[in-house]
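The values are calculated or read from the model by the stated rules, or taken from the named source; none is laboratory data. Note that the structure is a prediction, hence the values are computed from the model and not measured. Positions of Cβ are generated from backbone atoms using ideal geometry, with glycine treated the same way; all protein chains shown enter the neighbour counts. SASA here: full protein model, heavy atoms, side chains in, ligands and nucleic acids out. Shrake-Rupley method; radii C 1.70, N 1.55, O 1.52, S 1.80 Å.
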Amino acid sequence: MSATTPLPTPTFGGGYADGEERPRMGFFTDTSICIGCKACEVACKEWNLVPSNPLEFKGASFDNTLELNADNWRHVAFIEQEVALHPVGDGTLTMADGGTAVTDEAHGRVRWLMSSDVCKHCSSAACLEVCPTGALFRTEFGTVVVQEDICNGCGYCVPACPFGVIGRREEDGRAFKCTLCYDRLKGGMEPACAHACPTDSIQFGPVDELRERAAGRLAELREGGVDDARLYLSEDGDGVGGAGAFFLLLDEPEVYGLPPDPVSTTRDLPGMWKAAAVAAGTLAAGVVAAFLGGRR
């Protein structure tokens, strides 16, 4: 099987009638200005009526959400790293590679990387492709939404997602994830998380415009000496055909709990089915030949 199997990339607008098509909408998350306030998590839960989690300290830094799942459609990650600080002209210490630093005798020199993670709304969305009931669908904004009243709880979408975004609720087994606030988009409003973000770390808009903005921000950081800054999922040529939610990171994707080279889990299915069909045909021909040969 070829690693370059073409991805089934949809035409955004989703085949909707004239007048209903919209530009592809999405998120650009600039982690360099995320302050870890979790306003996005709270706003998401409040607007979408996502069940709240019991408040308990899990001992994982300040991150008590830990992951995206059926009850956490936004997850603010806190990553602590030991860093080298550099003196500047006024005698203070700063980091050459971005982030927020804390330094004292008790904790040493630590950098906090913070990032609000969310469903990527992939161009080639394996979750949508494996759904047997049509509960997952592509909206006129290019986003991927789960219709909870149609989901039968089969769970096929959960392992299909290369980012581990989708989860099922224990009560009835149905799947849930970020909808990019589809109801708000239809009303001309921005998603609740982006609206609540105090630093504009989460930016919402047409994906093409966001990509231009992200490229400009990356160039600005690189010019300022943040050499490890990089864009993640901002290109159409990646393993999921591009994404509706992409990120500016200050370190390797793995540091943030993101796969370094995500690939649509259904990418190679056509080749696999073709190989299986050829094998089945060869086996059938062998059985027929053996049967006819035995009758002589």
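Quick check on residue 171: is it free of Cβ contacts under 8 Å to residues at least 12 places away in the same chain and either open to solvent by 20 Å² or more (accessible area, probe 1.4 Å) or more than 18 Å from the chain's Cα centre (by Cα) (or both)?
yes
Kindly evaluate residue 194 against the criterion of being under 17 Å from residue 45 (Cα atoms), modelled with pLDDT of 95 or more and either open to solvent by less than 30 Å² (accessible area, probe 1.4 Å) or among the hydrophobic types (A, V, I, L, M, F, W, C) (or both).
It is true that residue 194 is under 17 Å from residue 45 (Cα atoms), modelled with pLDDT of 95 or more and either open to solvent by less than 30 Å² (accessible area, probe 1.4 Å) or among the hydrophobic types (A, V, I, L, M, F, W, C) (or both).
Take the stretch 120-132 and flag every residue that is part of a loop (DSSP other than H, G, I, E, B) and out of contact with any helix residue (DSSP H, G or I) (no Cβ under 8 Å at 6 or more places or on another chain). I'd like the intermediate steps shown before the answer.
Taking the stretch 120-132 as the starting set, the residues that turn out to be part of a loop (DSSP other than H, G, I, E, B) are 120-121, 123-125, 131-132.
Within the stretch 120-132, 120, 121, 123, 124, 125, 132 meet the criteria.
Enumerate the pairs (first residue in the stretch 27-50 and among the small types (Gly, Ala, Ser); second residue anywhere and assigned to a helix (DSSP H, G or I)) with beta-carbon separation below 7 Å, excluding pairs fewer than 6 apart on the same chain, so at least 6 apart or on different chains.
Partner pairs satisfying both residue conditions: 32/221; 39/196; 43/192; 43/193; 43/195; 43/196.
Can you find a residue that is among the basic types (Lys, Arg), within 21 Å of residue 72 (Cα to Cα) and either loosely packed, with under 15 Cβ neighbours inside 10 Å or touching a residue at least 60 places away in the same chain (Cβ under 8 Å) (or both) anywhere in the stretch 202-215?
The answer is no, given that none of the residues of the stretch 202-215 is among the basic types (Lys, Arg), within 21 Å of residue 72 (Cα to Cα) and either loosely packed, with under 15 Cβ neighbours inside 10 Å or touching a residue at least 60 places away in the same chain (Cβ under 8 Å) (or both).
Does the stretch 209-217 include one or more residues that are at pLDDT below 95 and either farther than 19 Å from residue 127 by Cβ or more than 16 Å from the chain's Cα centre (by Cα) (or both)?
no
So which of 2, 52 is surrounded by fewer than 16 Cβ atoms within 10 Å (Cβ to Cβ) and either closer than 23 Å to residue 151 by Cα or at pLDDT 65 or above (or both)?
On the way: 2 fails: either closer than 23 Å to residue 151 by Cα or at pLDDT 65 or above (or both).
Only one candidate qualifies: 52.
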